[in-house]
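Down below is the structure, laid out as structure tokens.
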Amino acid sequence: MIVCGDDGLAHRLAAELRGVYGEQVTLVVPPSGRRVRQPVVGRARAASAALLDRVSAAVNRTGTGGAEPAANEQIVEASEATEAVLTDVGADRAAALALVYDDDETNIRAALTARRLNPRIRLVLRLYNRRLGQHIEELLDQTAAVAAGTGPGAGGGLDASTTVLSDADTAAPALAATALVGTSKVVQTEGLVLRAVERQPPRPGEVADPGLCTLALLSATSNDPAGADGSEGSGEQGPQLLPDETAVASATGRGTVVLEQVSYSGPSLPSGRGGVPPFASLFSRRLRWSLAGLVACVLALAVALMFVTGEHPLYATYVTLLDLFGINDPAYHESTGRQVLQLLSGLVGLLLLPVLLAAVLEALGTFRSASALRKPPRGLGGHVVLLGLGKIGTRVLTRLRELHIPVVCVESDPEARGMATARRLRVPVVLGDVTQEGVLEAAKIHRAHALLALTSADTTNLEAALYARSVRPDLRVVLRLYDDDFATAVYRTLRAAHPFALTRSRSVSHLAAPAFAGAMMGRQILGAIPVERRVLLFAELDVAGHPQLEGRTVGQAFRAGAWRVLALNTAPPGGRRSEGESPEEEGAPASGLVWDLPPTYVLGADDRVVLAATRRGLAELLGRRRRSRAGA
């Protein structure tokens, strides 16, 4: 296995392949690509200085020694994965290659080179551009098929495949869901939505409600303010993934993560049409009421004129409009009532002129500011404050708006990647450094529901969280933190200082690495759901060749703590819906997912199943299949 990258995802992925799947890994990183722990520094304010000192002391106690390469890992330093570098690391004979550079063009160039060197190699690419990723995936698969002599579109037993993934798309659902009340951890791919929720621990003597099925038991220390967020090293006190019925029944005092809902969710349409604001937003509410009042006055004058003169309603309305705009002849020899109505119409006409002028000016101002950044409106509350509009922040912003959640973004770079998305979605943005005074106040942090700190700097996210806690001690906070030890120290300290507020730490590379590793092993990973600091994978695979599944019932195939069959996919292999395609579109196939499988259903060799699995459980399934193929 070869992993090429220039950031933390490459190191996470190599550790995943080495520690979980037991693979021999060659890691290609730039000369300066060795991961260095970020120092815990920052300009914390006086309101949060004491808490920052406690976090720093906790981090110092954990130690900061650098990690040495493992016995089954080889590190090669190269600025880029050129043809010479790929040849030196053995790409011509490797089973799989992951290209996880932060630049899409670098990954594509290296993938084309690797496919030419080895048509049978399994490629995994990290691309942010989803549409381009689909075309590259088809191109590289077709190239492999032609090189193997099977022709375009033919399988022919070729083990090569190309999988394009995005760490931002993998992590965004979990990051967005963590910040919301009533919205669970979500995995979404090609129209498939898996929704899971955390439930409070049952009272003594009560049994936890399993929902559709219980995915995990939370750690025993999850309700302890001084307890750590459960991690891989928590032992029996940590979270239990995929527990059996006995473990769920005896889990008193522990929360659960249950599967609550499984449904199809089509793509959400972007707000607005080509940047043109809707008609209602052209005018303010006060101006709309003014226009409505003038229209009512005109109608009332027309009705009064009809009764006074006995004219037809249309003619009375016409004469009233002539009087209104001052283009009718004076009513010298008319009745008194007619003269009074003409004077009133002239008065209404004088009131109409400034209202029409205000309407024109407001409409022009609205069109002028349609492409500009919006400011947080007055009285805004219950929203999510999102820090950072990079790759991750942009994807999370899109997910939050799809869920119709009000968002205020904070970004220091006016040319950031997500600024165009914020304009298109008409999301308020505060430009400024989050570490400066007044920036979070401008984002209405004191009335916010949650804070999502998703910048690329751990210390910036920490400082923003500390200051937000000083303003709102009960604020829901989600931190993007890369380092596990640092995240544990931060989580433990914030829980001790604010025991009644929700605090969560998430690592994008930690959430994305299992999906990339699974793709390198040849499996279609649908997504990952974080359970504290652990990850539960959702995968779709063929039953054939898996002795733990083939010929067994659904009940017999379940292994506690390893894997569990959730659904049966009855759709044809080539009939999956492409991304962005609505189920109502003509010719779009149905999802073909059967969720209510009885425990007695026998899994046949032709079946394809969707299952939830731990990382080690999935590794065992893959290992068993490889050994069975070798024996055959």
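Table for the structure above
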{"item": "Out of ARG417, ARG447, sole residue that is more than 19 Å from ARG480 (Cβ to Cβ) and either touching a Leu at 6+ places or on another chain (Cβ under 7 Å) or of a type outside the set (Phe, Trp, Tyr) (or both)", "result": "ARG447"}
{"item": "Filtered residues of the stretch 589-632 (kept if out of contact with any strand residue (DSSP E or B) (no Cβ under 7 Å at 6 or more places or on another chain), at pLDDT below 55, part of a loop (DSSP other than H, G, I, E, B) and among the small types (Gly, Ala, Ser))", "result": "ALA590, ALA632"}
{"item": "Contacts under 8 angstrom Cβ, first residue in the stretch 125-150 being farther than 25 Å from ALA513 by Cα and in a loop (DSSP other than H, G, I, E, B), partner open to solvent by 70 Å² or more (accessible area, probe 1.4 Å) and modelled with pLDDT of 80 or more, 6 or more apart", "result": "ALA148/ARG120"}
{"item": "Matching residues, the stretch 312-329, being open to solvent by 70 Å² or more (accessible area, probe 1.4 Å) and either within 15 Å of LEU352 (Cβ to Cβ) or modelled with pLDDT under 85 (or both)", "result": "PHE325, ILE327, ASP329"}
{"item": "Any hit, the stretch 341-349, residues being of a type in the set (S, T, N, Q), part of a helix (DSSP H, G or I), modelled with pLDDT of 80 or more and more than 30 Å from ASP167 (Cα to Cα)", "result": "yes"}
{"item": "Contacts under 9 angstrom Cβ, first residue in the stretch 450-472 being within 15 Å of PHE486 (Cβ to Cβ) and small (Gly, Ala, Ser), partner surrounded by fewer than 20 Cβ atoms within 10 Å (Cβ to Cβ) and at pLDDT 85 or above, 6 or more apart", "result": "SER456/GLY390"}
{"item": "Hits in the stretch 16-31 (condition: crowded, with 19+ Cβ neighbours inside 10 Å and part of a loop (DSSP other than H, G, I, E, B))", "result": "VAL20, TYR21, GLU23"}
{"item": "Number of the exception - LEU526 against (1) under 28 Å from CYS213 (Cα atoms); (2) out of contact with any Phe, Trp or Tyr (no Cβ under 8 Å at 6 or more places or on another chain); (3) touching a residue at least 24 places away in the same chain (Cβ under 8 Å); (4) open to solvent by 10 Å² or more (accessible area, probe 1.4 Å)", "result": "(2)"}
{"item": "Which numbered condition TYR128 fails, given (1) modelled with pLDDT of 85 or more; (2) over 15 Å from VAL396 (Cα atoms); (3) open to solvent by less than 40 Å² (accessible area, probe 1.4 Å)", "result": "(2)"}
{"item": "Residue that is modelled with pLDDT under 75 and within 13 Å of the chain's Cα centre (by Cα), where the choices are ALA177, ALA160", "result": "ALA177"}
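So that you can scan it fast, the table gives a plain yes or no per residue for (1) at pLDDT 75 or above; (2) open to solvent by less than 60 Å² (accessible area, probe 1.4 Å); (3) part of a loop (DSSP other than H, G, I, E, B):
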site: ARG35; (1), (2), (3): no, no, yes
site: PRO39; (1), (2), (3): no, no, yes
site: ASP53; (1), (2), (3): no, no, no
site: ILE75; (1), (2), (3): yes, yes, no
site: LEU86; (1), (2), (3): yes, yes, no
site: ALA94; (1), (2), (3): yes, yes, yes
site: ARG109; (1), (2), (3): yes, no, no
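The values are calculated or read from the model by the stated rules, or taken from the named source; none is laboratory data. Note that the structure is a prediction, hence the values are computed from the model and not measured. Reconstructed Cβ throughout: ideal geometry from the backbone, glycine too, with neighbour counts over all protein chains shown. Just the protein is used for accessible areas: all its heavy atoms, side chains included, with ligands, DNA and RNA removed. Shrake-Rupley method; radii C 1.70, N 1.55, O 1.52, S 1.80 Å.
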